[in-house]
Amino acid sequence: STKIKTWDNDIIIIPNGIMANSKIQNYVQPSIKSRGVIEFCVAYGSDVDKVKKVIIEAIKKVENVLDEPAPSVYFSKMNDFSLDFNAKFWVDDIAKRYETQENVTIIIYKTLNKEGINIPFPTRTVYLKK
């Protein structure tokens with residue numbers, strides 16, 4: 001059997017038959033560099049180019065975010081209530097990824113508010129017949 005130690009220091013025992021037939025991803029070999037992805041959305045009518053520009057610039061200022069590969073923002077989908085984006089960034093050590101991901105999420109939220117870019121939420125109109 002194969003023993004794997006998790007980030008929480010738990011030991012997982014996996015039978016070799018399962019290991020042989022499974023795809024295994026090692027997050028620290030050959031590099032401990034790691035990519036973070038934050039999904040966020042803005043209201044319809046927002047300037048897509050402005051959203052991408054201000055968010056990329058904000059992410060670049062977050063501690064532990066690498067200059068190369070450079071942070072990026074992609075317009076991913078026109079949803080029912082929102083325009084959806086993915087912000088991607090890299091850190092040099094996977095151990096820093098979750099803290100950095102939280103900081104990037106906070107800076108995205110603050111930047112959207114500062115720039116007057118609305119963050120939508122689903123609404124429903126209910127009609128009552130009398």
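Bear in mind that the values in this text are calculations on the coordinates, not laboratory data. What you see is a predicted model; the values in this text were computed from it and never measured. Cβ coordinates were reconstructed from backbone atoms using ideal geometry, including for glycine residues, and neighbour counts include every protein chain displayed.
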Legend entry - Of (i) 21, 17, 15; (ii) 36, 23, 13; (iii) 41, 15, 10, the label for semi-axes √(5λ) of the Cα gyration tensor in Å derived from the coordinates: (ii)
Legend entry - Neighbour cut-off at most 15 other Cβ (10 Å), DSSP loop, chymotrypsin sites (Phe, Trp or Tyr not before Pro), the stretch 40-86: 44, 81
Legend entry - For the stretch 32-114, with +1 on Lys and Arg beta carbons and -1 on Asp and Glu, the positive-most of 104, 38, 51 along the dipole: 51
Inset, instruction - Could you give the size of the charge dipole of the stretch 32-114 about its Cα centre, using +1 on the Cβ of each K and R and -1 on the Cβ of each D and E, expressed in debye and rounded to the nearest 20? - result: 100 debye
Legend entry - Positive-end extreme of charge dipole, the chain - chosen from 116, 2, 64 (charges on Cβ): 116
Legend entry - In degrees, nearest ten, helix 97-114 long axis to first principal axis of the chain (Cα): 10 degrees
Inset, instruction - Return one number: the angle in degrees, 0 to 90 and rounded to the nearest 10, between the long axis of the Cα atoms of helix 48-60 and the longest principal axis of the Cα atoms of the chain. - result: 40 degrees
Legend entry - Nearby lysines by direct alpha-carbon distance to residue 77 (threshold 27 angstrom, same-chain neighbours under 8 apart not counted): 50, 52, 53, 60, 61, 88, 110, 114
